[in-house]
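Here the structure comes first, spelled out in structure tokens, and everything after it is commentary.
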Amino acid sequence: MLSPRLLRAHLVEARLAGTVATTRERSLARYRMFAARDPRALIGLEPEHDWSLGELLQLMGRSCGVSADPDHSSGQDVIDPDRTLAALDAFADRLATVAATGAPVLLGTGHPHRLLGFYASLAGGLSAAGCSVLTPAQGRCVDMTTRFGVRTYNLDYVQGVALVREPGARGRGSEPGAHTHSPLPLRVALASAMDAGEPLPALVIGDHGWVCGAGQLGIEAIGLADSDDPAPFVGEAEGRVSVVVPLDDTVRSDYYRPLTRYVLNRACLSQ
């Protein structure tokens, strides 16, 4: 099993934590959007509290390790690797608990280019442990507002992980899916399951709108989030998201493999 010390070193070397690519300017802009309740930053969460910029900075400092100083307005964000490690442990512990009960799970990502392999390995481990990995609304259309207007995507599943694709972009060798923060794919999946009388997930695993959308609906959710996405961390602080792992979510996909091995081993889900 990869030791915490070696994983911590990898987090810093791969810039998953430590000094990351996310800029302070981008993070502050997203915090201001969240404080103004801009849906693009809420990504499916309706905060119970009116979070000010200062309160968000304090929260993100505690959760991620970024600077809580409002006068620090440029440069790169810094994510505390020890906070990432602690959250990965909590993340793995929730997986182990769900696996022990055999409860149904739903996995989804808005970052398929980077994180599909991470979630697919979790789906395989949970399935092998006896959990039903749900795939509701396969192929269903999802209309989402983008900066280019409303666009229609198709909900798809790859190795048990939900994502959205441009219409016509399917099959092996095609693009792995579209980047999105929207909670609409999660809502479409759950509505389809309910309409068909299919099981609902006991746990949603993912990022962006998958985690925030599930937490808002009262479904337990765990996931990953970058330092410029305050919504999952607010959801965690308000008790609607169980675990959020702070890390850079845009590095090379193979850099997440040591995290996958660590989480699966700790959760006793190694395949």
* **Helix-derived mean residue ellipticity, 222 nm - over the chain, DSSP H n ≥ 4, -39500 (n - 2.57), to 500** => -13000 deg cm²/dmol
* Asked: Simple spin-label model, 7 Å along Cα-to-Cβ: ASN265 to ALA90 in nm?
  -> 2.3
* How large is the dipole of the stretch 112-270 about the Cα centre if only Lys and Arg carry +1 and Asp and Glu carry -1, each at its Cβ, rounded to the nearest 20 debye? -> 420
* Determine the dipole magnitude for the stretch 13-116: charges of +1 sit on the beta-carbon of Lys and Arg, -1 on that of Asp and Glu, nothing else is charged, the reference point is the Cα centre, and the result goes in debye to the nearest 20. => 360
* **Formal net charge of residues neighbouring ASP38 (Cβ-Cβ distance under 10 Å; K, R +1; D, E -1)** => +4
* **Simple label model, 7 Å out from Cα along Cβ direction - ASP71 to CYS141, nm** => 5.5
* Contour minus end-to-end for ARG32 and ASP254, with contour as 0.36 nm per residue of separation and end-to-end as the Cα-Cα distance? -> 76.7 nm
* Asked: What does the charge add up to near ALA237, with Lys and Arg as +1, Asp and Glu as -1, over the other residues with Cβ less than 11 Å from its Cβ?
  -> -2
* Structure fact -> PRE zone check, label point 7 Å out along Cα-to-Cβ of THR101, amide N under 18 Å, scope the stretch 217-248, hits 217-223, 239-244
* **Percentage relative contact order, the chain, counting C-alpha pairs under 8 Å, at least six apart** => 27
* Whole-Hz couplings from phi, Karplus 6.51/-1.76/1.60, listed for the stretch 192-200; x for Gly and Pro -> 5, 4, 5, 4, 8, x, 8, x, 9
* Asked: For the pair ALA21 and ALA191, how long in nm is the line joining their label points, each one 7 Å along Cα→Cβ?
  -> 3.4
* To do: Name the long-range amide H neighbours of GLN76: under 5 Å, sequence gap of 5 or more, or other chain; modelled H, no Pro or chain starts.
  => ARG24
* Where does each of 96-105, 81-90 land if you order them by average Cβ count within 10 Å, highest first? -> 81-90, 96-105
* Asked: Mind listing the phi-derived Karplus ³J(HN,Hα) values for the stretch 25-39, rounded to whole Hz, using 6.51, -1.76 and 1.60 with θ = phi - 60°, and x for any glycine or proline?
  -> 4, 5, 4, 4, 5, 5, 5, 5, 4, 5, 4, 8, 6, 6, x
* Please state the charge dipole magnitude for the chain, taken about the Cα centre, from unit charges on C-beta atoms (+1 on K and R, -1 on D and E), reported in debye and rounded to the nearest 20. => 720
* Hey, in the GNM for the chain with a 10 angstrom Cα cutoff, which one of GLY149, GLY44, GLY160 fluctuates hardest? -> GLY149
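We did not get these values from a lab; they are worked out from the coordinates using the rules stated. Note that the structure is predicted; figures quoted are calculated from it, not measured. In this analysis, Cβ positions are derived from the backbone assuming ideal geometry, glycine residues included, and neighbour counts consider all displayed protein chains.
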